[in-house]
Amino acid sequence: MSNNIIEIIGITQEITWNSWAVQYFFFIGLSVGGVLLAAPAYLSRTATWLPVARLGLLVAITTGLVAPVALLADLHQPARFYQFYLNFTPSSWMSWGAFLLPAYIAALLLFGLQGLYRDPAGNQRVTRMAALATSVLGTGIALYTGSEMGILISRVLWQSGWLVPAYLLSGLAGAIGLALVINSLQSTENLAHSRLLLRWLTASLALTGVWIGAWAVAGYLNLSGSGAALLRLAVEFRPLETLVFWIGVGLLLPLILTLFNHTGLNLMTGLLALFGTWMLRWVMFIGGQGIPKNGAGFYNFELPLTADGLLGILGSIGLWLLILIVIRSLLSQYKQPADV
Amino acid sequence: MDSTRRKFLATVATTIAAPVLGEASAAEGTADTQDTPRWVMVIDLRKCIGCQACTVACSTENRVPAGQFRTLVSHYEVEKDHQPRSAMLPRLCNHCENPPCIPVCPVQATYQRPDGIVVVDNTRCVGCAYCVQACPYDARFINHETKTADKCTFCVHRVQAGLLPACVETCVGGARIFGNIKDPRSEVSRLINSVHTDGLQPGLKTRPQVYYIGLDNRLQNKIEGVPSPWKRSETLVQESMS
Ligand code: SF4
Ligand code: SF4
């Protein structure tokens, strides 16, 4: 920092993409991760994978249904959402997202209906088609969410191709974590499923870690401005939040825990992996907006306790839980699914 | 009446009759004729004393909520020849020639008028804040009262009535000069052609249309220095929202 400039008057710019945006990116990331976990099994009909894939599909649907609610809540004029559909704007990634999201949810619901409810009865062709459509649209979602931030020349941290894979990998880790949580909360935890999920969780967390590490190293070597901003965020601006909570508690700790396949630990491992997925988005959004575009220093963000902050975060998690309960009771009422 | 103002009013008088200064709408497209003015601002930093009269005039004229600003004079202390010196930097929307805030808007609520002024249709804006993120100059914000994107409009309502923007009108030192860059006789053209001017963050290729005279190049991009002790707290924001 050059000390020969002192800012006497300059204001803190408000954080306009706040906790609802984080929740949207969190839930939609989990949903796409869930599809990644489920679709290959349904497409290839790998018998050993299918039961775990059903868990992945349940994760994808439940989180996928919460995501649009969080997105709407993030708008300051949510009642005007119809304007998105009256004014398609090809130059705006957000506009593409407005069309992709409902298409993705529709395909996902069909995939869910087939995969969780009707599939064993026979019509596997429809399931395959739905799985394929959901995967293609899910790829579109992953691309648009990362690119929406990546094209902004105003924010060096976001302005990079590193973001899309980072979101995708950590979304997958979070989805596996959530599947692990659901599995360990079943009346009888299926240990074979837990074992498989833990193996995948190790791999996806390790890959996320390697990717983030490479991003930071690219910054250190001056190969990426965004990597340099990431390093600065971790070392200079938000050391505790970025290093301890995100990298330490959200990434390294669950990675270590995956190496122990202990029934008592699985719930915690899954929850920590989820926390890591959330933290990546929190650091990117809130930390990213904390780096001034023009001013000096760093803008700190205090999480309000209202619906715009903590209450909103808790509310969206509550909504997810409600959707999970409704879907599971519907499934068990009409049919005894094998593993879900 | 000083010569700047007289020249400005003469420009407006000749252009106001033309339909180009009529009601703006997205549908008007980008029809550009020689008669259409291109409004720009020159800020002569040698004359700015950092009194914030422009900040107040703007907030009053445009009823900007407390704690939010369409323009603000950033104030720095810089070192020059081993001596501390004050440096002012009035900030506002640059009405960029290549504005990154416009293509990102998912509902085309923000657009550039043929005369270069970048505006927001706040009856259509969904308040997604994508443009706020996209503007490299922090010129936009979500208005706490309207819940839509807000920014400097060069006081388009005044310009259409043949008046100067409120900040220009009020500027004590005459540091803010407004006019039509397409008119070679305008004060802004004369200054831009005769004095060295700089825009902010030129590397981003946004082609800002606020031209600074006497800009210290340490202030041209993101400031690296000791941050201001005065930071708006969330409490103030909450208060102004209620
Ligand atoms: S200064 Fe910002 S808001 Fe104004 S035109 Fe340029 S990019 Fe858009
Ligand atoms: S906040 Fe309004 S003007 Fe800005 S991008 Fe969103 S809809 Fe467009």
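What about B:GLY162, is it among the small types (Gly, Ala, Ser) and at pLDDT below 95?
Working: among the small types (Gly, Ala, Ser): yes; at pLDDT below 95: no.
Taking the combined requirement at face value, the residue does not satisfy it.
Just one of the numbered conditions (1) under 20 Å from the mean Cα position of the chain (by Cα); (2) at the interface with another protein chain (Cβ under 9 Å from one of its Cβ atoms); (3) farther than 25 Å from A:ALA229 by Cα is not true of A:PRO78: (1).
Yes or no, residue by residue, for (1) away from ligand 2 (no atom under 16 Å from the Cβ); (2) over 17 Å from the mean Cα position of the chain (by Cα):
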{"site": "B:ARG124", "(1), (2)": "no, yes"}
{"site": "B:GLY127", "(1), (2)": "no, yes"}
{"site": "B:THR146", "(1), (2)": "no, yes"}
{"site": "B:CYS167", "(1), (2)": "yes, no"}
{"site": "B:GLY173", "(1), (2)": "yes, yes"}
{"site": "B:SER194", "(1), (2)": "yes, yes"}
{"site": "B:LEU200", "(1), (2)": "yes, no"}
{"site": "B:LEU204", "(1), (2)": "yes, yes"}
{"site": "B:GLY225", "(1), (2)": "yes, yes"}
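Hey, among the residues in the range B:106-116 that are within 12 Å of ligand 1 (Cβ to nearest atom) and touching a strand residue (DSSP E or B) at 6+ places or on another chain (Cβ under 6 Å), which one's nearest to B:VAL40 (Cα to Cα)? Walk me through it before giving the result.
Here is the first cut: in the range B:106-116, the residues within 12 Å of ligand 1 (Cβ to nearest atom) are B:110-113, B:116.
Cutting the leftovers down to touching a strand residue (DSSP E or B) at 6+ places or on another chain (Cβ under 6 Å) gives us B:110, B:112, B:116.
Details: B:THR110: 19, B:GLN112: 13, B:GLY116: 8 Å.
In this case the residue turns out to be B:GLY116.
Under the condition of being of a type outside the set (A, V, I, L, M, F, W, C) and surrounded by fewer than 23 Cβ atoms within 10 Å (Cβ to Cβ), which residue from the range B:98-114 is nearest to ligand 2 (Cβ to nearest atom)?
First pass over the range B:98-114, keeping only residues of a type outside the set (A, V, I, L, M, F, W, C): B:98-100, B:103, B:106, B:108, B:110-114.
Pick out the ones that are also surrounded by fewer than 23 Cβ atoms within 10 Å (Cβ to Cβ) and you get B:98, B:100, B:103, B:108, B:111-114.
Details: B:ASN98: 17, B:PRO100: 11, B:PRO103: 10, B:GLN108: 8, B:TYR111: 9, B:GLN112: 12, B:ARG113: 15, B:PRO114: 19 Å.
Ranking the qualifying residues of the range B:98-114, first place goes to B:GLN108.
Could you please give the count of residues in the range B:92-131 that are of a type outside the set (Gly, Ala, Ser) and more than 7 Å from every other protein chain (Cβ to nearest Cβ)?
Within the range B:92-131, the subset of a type outside the set (Gly, Ala, Ser) is B:92-108, B:110-115, B:117-126, B:128, B:130-131.
Those left that are additionally more than 7 Å from every other protein chain (Cβ to nearest Cβ): B:92-99, B:101-102, B:110-115, B:117-123, B:131.
Residues flagged as of a type outside the set (Gly, Ala, Ser) and more than 7 Å from every other protein chain (Cβ to nearest Cβ) within the range B:92-131 amount to 24.
From the residues in the range B:81-90 that are assigned to a strand (DSSP E or B) and either facing chain A (nearest Cβ under 7 Å) or without any contact (Cβ under 8 Å) to a residue 40 or more places away in the chain (or both), which one is nearest to ligand 1 (Cβ to nearest atom)?
From the range B:81-90, those assigned to a strand (DSSP E or B) are B:83-90; that's our starting set.
From the residues that got through so far, the ones that are either facing chain A (nearest Cβ under 7 Å) or without any contact (Cβ under 8 Å) to a residue 40 or more places away in the chain (or both) too are B:83-86.
Details: B:GLN83: 32, B:PRO84: 30, B:ARG85: 27, B:SER86: 24 Å.
Looking at the filtered set, the residue picked out is B:SER86.
One line per residue, one yes/no per condition, for (1) part of a helix (DSSP H, G or I); (2) farther than 21 Å from A:PHE25 by Cβ:
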| position | (1), (2) |
| --- | --- |
| A:GLY248 | yes, yes |
| A:LEU252 | yes, yes |
| A:LEU255 | yes, yes |
| A:GLY276 | yes, no |
| A:GLY287 | yes, no |
| A:PRO304 | no, no |
| A:ILE313 | yes, no |
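How many residues, within the range A:1-57, are part of a loop (DSSP other than H, G, I, E, B) and either within 13 Å of chain B (Cβ to nearest Cβ) or buried (at least 21 other Cβ atoms within 10 Å of the Cβ) (or both)?
Narrowing the range A:1-57 to residues part of a loop (DSSP other than H, G, I, E, B): A:1-4, A:10-18, A:45-49.
Imposing the further condition that a residue be either within 13 Å of chain B (Cβ to nearest Cβ) or buried (at least 21 other Cβ atoms within 10 Å of the Cβ) (or both) reduces the set to A:1-4, A:10-18.
Counting residues in the range A:1-57 that are part of a loop (DSSP other than H, G, I, E, B) and either within 13 Å of chain B (Cβ to nearest Cβ) or buried (at least 21 other Cβ atoms within 10 Å of the Cβ) (or both) gives 13.
Hey, can you tell me all the residues within the range A:81-129 that are small (Gly, Ala, Ser), within 14 Å of another protein chain (Cβ to nearest Cβ) and free of Cβ contacts under 8 Å to residues at least 40 places away in the same chain? Of everything in the range A:81-129, those that are small (Gly, Ala, Ser), within 14 Å of another protein chain (Cβ to nearest Cβ) and free of Cβ contacts under 8 Å to residues at least 40 places away in the same chain turn out to be A:SER91, A:SER92, A:SER95, A:ALA98. If the condition is being away from ligand 1 (no atom under 16 Å from the Cβ) and exposed (fewer than 15 other Cβ atoms within 10 Å of the Cβ), then the range A:79-98 contributes A:ALA79, A:TYR82, A:TYR85, A:LEU86, A:PHE88, A:PRO90.
So which of B:PHE141, B:PHE154 ends up being more than 9 Å from ligand 2 (Cβ to nearest atom), buried (at least 18 other Cβ atoms within 10 Å of the Cβ) and at negative phi?
B:PHE141
Quick test for you: out of B:THR123, B:THR55, pick the one residue that is buried (at least 18 other Cβ atoms within 10 Å of the Cβ) and either at pLDDT 95 or above or away from ligand 1 (no atom under 14 Å from the Cβ) (or both). Within the list B:THR123, B:THR55, the selection yields B:THR55.
The values are calculated or read from the model by the stated rules, or taken from the named source; none is laboratory data. What you are looking at is a predicted structure, and each value in this text was computed from that prediction instead of being measured. No Cβ is skipped: glycine too gets one built from the backbone with ideal geometry, and neighbour counts run over all protein chains shown.
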